[in-house]
């Protein structure tokens, strides 16, 4: 399925009733999923995030833009954030199975409808705009609402769609297609907008205009062609301004991180800390506006752990907690990862029913009269426990007194252990889902020859899946034994028996999963396929038995 994300910014952040009416209208279109509504009182602006198939997203965005135009009067609007319309900006972002070029075409469709059907001046930006002179949002919005009454009359600023008359009540709207962007504010221990702006100019890619004498009031230095000369800031792919937020009583550096591969959020935070300190200021925390990718949070957690020379091979939950605390993301309001990380919001909890159970509930579900979860899921979970034990030994070794110089060595092993643990946990539910898929296939209709053929094909497809999932368990569990062996040999000697138990778990996972491979292979008609996978499985089984014996020998030699 094609999925795009839409992040409209509405010029209302104080009246919750207006915000609710807009989001209600958005959801009434159907087919989209509202992920986040982030209202800011000081900015008087609400950032809404929703996802869905392109057609549904376009319809929902159109209805929301229409409703915002009915409810928001821009002639009475005040706020700290730059703005030019009731729906100030409405970007579309490709999420899955869709190109940026296709997304840009949908942005053009939306802008055309807004201009023609709602008579709102609509401008295209970034990938949806072919004219490089007017594809930058800040350039389009320059002059803001107050300046657009004259700007829109200029030939070079005629809207892409809609009337060339500025609507005093609704303003104008900018619609486009762009890459994923993180809106991120860093909090300062000052109330001075001027000082915050100085830090913003230090870090933003555009930097600051050079002046003679006083950096604020001095005469602007120009080049031979008369253009102002700028000194670039220290961070690439970053836009930033400073402002004062009355609601919090502090000034902030408000940033848009337009390429998080170039400048990730943790790098932006640390750089602002450095530049603020150079100006006698202190960073007290930060604030995320909207959503953030999981990878950004995990990378930040690893970054701050590594700065402490601590193992980065900890759980996903711990990495996120470290990122939140290190960047002070919870200083101004609680930060709930389940509500702010995009992957968590998109995750279907039904796909991970078993792994979200308590230990007791999982045991009860296994012991019930239902045939699933069965041996395949249990093998995957036993393997996950083995990988977890090995990871624990690596982390304990990383922090062992007197072994400080080896923290990177053990951190690397812990990260590998976490990788296998995560993969094996993922396979717990997949194995049960594969079994259920076979059962569903057997219940398909078989009244006609066509139905029989379709049913037989569905059974064979499901059977192959039921072979491949436990085979994946075998491979992951066996590969985890490399970490287990290393921990038995070189890890904290006080935890060597934990490595031994981990080896027993890994061996059980490989052998148990292979039983499932073999019984499901008996129902597969593709004999060439089953012959190959059974040969590979037999080899893995033998290697796991041998490696487990070697690890247990190492453990026994150390415990006497």
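When you scan the range 80-99, do you find a residue that is crowded, with 20+ Cβ neighbours inside 10 Å, over 24 Å from residue 13 (Cβ atoms) and in contact (Cβ under 8 Å) with a residue 24 or more places away in the chain, even just one?
yes
Could you list, in sequence order, all residues of the range 519-538 that are surrounded by fewer than 16 Cβ atoms within 10 Å (Cβ to Cβ) and part of a helix (DSSP H, G or I)?
Matches in the range 519-538: 519, 527, 528, 529, 531, 532, 535, 536, 538.
Being more than 17 Å from residue 196 (Cβ to Cβ) and in contact with a helix residue (DSSP H, G or I) (Cβ under 8 Å, 6 or more places away or on another chain) is the filter here; which residues of the range 220-262 pass it?
257, 260
Restricting attention to the range 192-215, which residues are touching a helix residue (DSSP H, G or I) at 6+ places or on another chain (Cβ under 7 Å) and in a loop (DSSP other than H, G, I, E, B)?
207
Could you tell me whether the range 436-450 includes any residue that is surrounded by fewer than 16 Cβ atoms within 10 Å (Cβ to Cβ) and under 31 Å from the mean Cα position of the chain (by Cα)?
Checked the range 436-450: at least one residue is surrounded by fewer than 16 Cβ atoms within 10 Å (Cβ to Cβ) and under 31 Å from the mean Cα position of the chain (by Cα).
Every residue, every condition in (1) surrounded by fewer than 21 Cβ atoms within 10 Å (Cβ to Cβ); (2) more than 25 Å from residue 157 (Cβ to Cβ), yes or no:
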residue	(1), (2)
186	no, yes
198	yes, yes
203	no, yes
220	yes, no
226	yes, no
236	yes, yes
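Hey, does the range 524-537 have a residue that's within 20 Å of residue 378 (Cα to Cα) and modelled with pLDDT of 95 or more?
yes
I'd like to check something: does the range 57-72 contain any residue that is within 22 Å of the chain's Cα centre (by Cα), free of Cβ contacts under 8 Å to residues at least 24 places away in the same chain and within 20 Å of residue 290 (Cα to Cα)?
No, the range 57-72 contains no residue that is within 22 Å of the chain's Cα centre (by Cα), free of Cβ contacts under 8 Å to residues at least 24 places away in the same chain and within 20 Å of residue 290 (Cα to Cα).
Conditions (1) closer than 15 Å to residue 394 by Cβ; (2) more than 35 Å from the chain's Cα centre (by Cα); (3) part of a loop (DSSP other than H, G, I, E, B), marked per residue:
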position	(1), (2), (3)
459	no, yes, no
470	no, no, no
483	yes, no, no
487	yes, no, no
499	yes, no, no
503	yes, no, no
509	no, no, no
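Of the conditions (1) within 19 Å of residue 136 (Cα to Cα); (2) assigned by TED's automatic domain parsing to the domain that holds residue 341; (3) at pLDDT below 95, residue 156 fails just one. Which one is it?
Of the numbered conditions (1) within 19 Å of residue 136 (Cα to Cα); (2) assigned by TED's automatic domain parsing to the domain that holds residue 341; (3) at pLDDT below 95, the odd one out for residue 156 is (2).
State yes or no: is residue 295 within 30 Å of residue 209 (Cβ to Cβ) and assigned to a helix (DSSP H, G or I)?
Here the answer is no, as residue 295 does not meet what is asked.
Do any helices (runs of 4 or more DSSP H) lying entirely in the range 302-398 carry at least 2 residues that are under 18 Å from the mean Cα position of the chain (by Cα), surrounded by fewer than 19 Cβ atoms within 10 Å (Cβ to Cβ) and without any contact (Cβ under 8 Å) to a residue 24 or more places away in the chain, and which ones are they?
Correct list: 316-327.
If you go through the range 273-292 one residue at a time, do you hit one that is closer than 22 Å to residue 38 by Cβ, part of a helix (DSSP H, G or I) and either assigned by TED's automatic domain parsing to the domain that holds residue 202 or under 17 Å from the mean Cα position of the chain (by Cα) (or both)?
no
Taking the range 399-429, which residues are free of Cβ contacts under 8 Å to residues at least 60 places away in the same chain and buried (at least 24 other Cβ atoms within 10 Å of the Cβ)?
Selection gives 421, 427.
The values are calculated or read from the model by the stated rules, or taken from the named source; none is laboratory data. If you're wondering where the values come from, they're calculated on a predicted model, not measured in any experiment. Heads up, the Cβs are rebuilt from the backbone with ideal geometry, glycines too, and the neighbour counts pull from every protein chain shown.
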